[in-house]
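Chemist: This is the structure, below, for whatever I ask next.
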Amino acid sequence: MKSIIKYFRELFLAFYSLAQGMKLTLYYFTHVRKVNITEQYPENRETTIRIPERFYGELVMPHDENNEHNCTACTLCELACPNGTITIETATEVTEDGKKKKYLDKYHYNLGTCTFCGQCVDACPSDAISMNKQFELSEYDKSKLLLVLNKPGSKLKAKEKKS
């Protein structure tokens, strides 16, 4: 007897939930919105498309006019990446005083496996990388998704001494 009561109770709750959903759908169908929610994407690509402030797009490494960047090759972004999208190749050089100094050789970024979470940007202590607002990133060739972010011949910015 309990199972029959349980069955009809579940059946009643299912129809009640369906009725609530249909009531909300009917409300949105009959009331006109003042603001459009959807964007007419391909037509307004250059004119009125609004990208939210917190949108994470492609990972970039900004360089200044002297082809210098802020990356110290600490590999914290590589460690913070949840799926191994970032690979950093470092090299060492010997300074005038005989010390070995590590510098960035190549900053590999696999756009095809990136989840656009932004953890690499949050982990970077020198603000060397950032996410831009680019969202049209599809390619037919997978090799075009393997990027090197540091430009050829780029070097680390010299630290400004505070007086």
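Chemist: How many of the residues in region 95-120 are not in a loop (DSSP other than H, G, I, E, B) and not aliphatic (A, V, I, L, M)?
Modeler: 12
Chemist: Sticking with this structure for a sec: Filter region 66-94 down to the residues that are within 16 Å of residue 148 (Cα to Cα), β-branched (Val, Ile, Thr) and outside any loop (DSSP other than H, G, I, E, B), then identify the one that is farthest from the chain's Cα centre (by Cα).
Modeler: Within region 66-94, the match that is farthest from the chain's Cα centre (by Cα) is 90.
Chemist: Out of curiosity, is residue 20 over 34 Å from the mean Cα position of the chain (by Cα) and polar (S, T, N, Q)?
Modeler: In short, yes.
Chemist: If residue 88 meets every condition in (1) surrounded by fewer than 12 Cβ atoms within 10 Å (Cβ to Cβ); (2) touching a helix residue (DSSP H, G or I) at 6+ places or on another chain (Cβ under 8 Å); (3) farther than 16 Å from residue 56 by Cβ apart from one, which number is that one?
Modeler: (1) is the only condition that residue 88 fails.
Chemist: Would you be able to tell me the number of residues in region 18-60 that are closer than 17 Å to residue 137 by Cα, at pLDDT 85 or above and either in a loop (DSSP other than H, G, I, E, B) or of a type in the set (Val, Ile, Thr) (or both)?
Modeler: 5
Chemist: Another one. Among the residues in region 119-128, are any out of contact with any Cys (no Cβ under 6 Å at 6 or more places or on another chain), of a type outside the set (Asp, Glu) and farther than 30 Å from residue 37 by Cβ?
Modeler: Yes, region 119-128 contains a residue that is out of contact with any Cys (no Cβ under 6 Å at 6 or more places or on another chain), of a type outside the set (Asp, Glu) and farther than 30 Å from residue 37 by Cβ.
Chemist: Residue under question is residue 163, and the condition is that it be small (Gly, Ala, Ser) and either in a loop (DSSP other than H, G, I, E, B) or modelled with pLDDT of 95 or more (or both); does it hold?
Modeler: Answer is yes for this residue.
Chemist: Of all residues in region 113-163, count the ones that are under 22 Å from residue 78 (Cβ atoms), charged (D, E, K, R) and more than 21 Å from the chain's Cα centre (by Cα).
Modeler: 2
Chemist: Say we look at region 83-127 and pick out the residues that are touching a residue at least 24 places away in the same chain (Cβ under 8 Å) and basic (Lys, Arg); which of these is farthest from residue 158 (Cα to Cα)?
Modeler: 106
The values are calculated or read from the model by the stated rules, or taken from the named source; none is laboratory data. All values derive from a computational prediction rather than experimental measurement. No Cβ is skipped: glycine too gets one built from the backbone with ideal geometry, and neighbour counts run over all protein chains shown.
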